[in-house]
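Here the structure is laid out as structure tokens; the discussion comes afterwards.
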Amino acid sequence: MTDFNYHEIDDVIHSRIRTAIMAVLISVEEAEFTFIREKINATDGNLSVHLKKLEDHNYISVKKEFVMRKPVTRYAITDTGRKAFEDYIKKLESIIRK
């Protein structure tokens, strides 16, 4: 375990909620806010903060619209986010195997 460098772990993804968000989004084309909230069992406020952080780093994209006069927010993982998440998983796997 001498090669372990925790600085190589992506701090943006390395949070329980953000990791869960990325895991949900990598498996779907896009997901509504309520779908993500239900999947990871987070509060609206907490989820919003973590989604914003991922959006600020271009890991996810957001699309807001009105459907029958109700606001609907959809999120999708970006190519940057997909690469970052795949690299994150590979790094964790390499740490575990050492």
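For the chain, what is the number of Lys pairs with C-alpha distance below 16 angstrom, counting only pairs 8 or more positions apart or on separate chains? Before the final figure, lay out the partial values.
Details: 52/63; 52/64; 53/63; 83/91; 90/98.
For the chain, the number of qualifying lysine pairs is 5.
Based on the alpha-carbon gyration tensor of region 8-52 and its eigenvalue square roots a ≥ b ≥ c, which shape applies: rounded if a/c is under 1.5, prolate if not and a/b is larger than b/c, or oblate? Oblate, because a/c is 1.5 or more while a/b does not exceed b/c. So, with +1 on the Cβ of K and R and -1 on the Cβ of D and E, and no other charges, what is the size of the charge dipole of the chain about its Cα centre, to the nearest 20 debye? For the chain, the charge dipole is close to 280 debye. Please check which bits of region 8-45 a label hung off residue 62 would reach, taking the label as a point 7 Å along Cα-to-C-beta and the cut-off as backbone N under 13 Å. Only 33-34, 45 fall inside the zone, counting backbone N under 13 Å. Sparsely packed loop sites in region 23-96 (the GluC sites (Glu not before Pro) outside DSSP H, G, I, E and B with at most 13 other Cβ atoms within 10 Å) comprise 29.
Considering the chain at the alpha-carbon level, its Rg and Dmax are found to be 14.8, 57 Å.
Structural descriptor for region 6-97: relative contact order 33 percent, calculated from alpha carbon pairs under 8 angstrom and at least 6 residues apart.
Could you list the trypsin sites (Lys or Arg not before Pro) in region 45-80 that lie in coil according to DSSP, counting only those with at most 16 other Cβ atoms within 10 Å of their Cβ?
69
Each value in this text was obtained by applying a stated rule to the coordinates, not by laboratory testing. Being a predicted model, the structure only gives us computed values, none of them experimental. In this analysis, Cβ positions are derived from the backbone assuming ideal geometry, glycine residues included, and neighbour counts consider all displayed protein chains.
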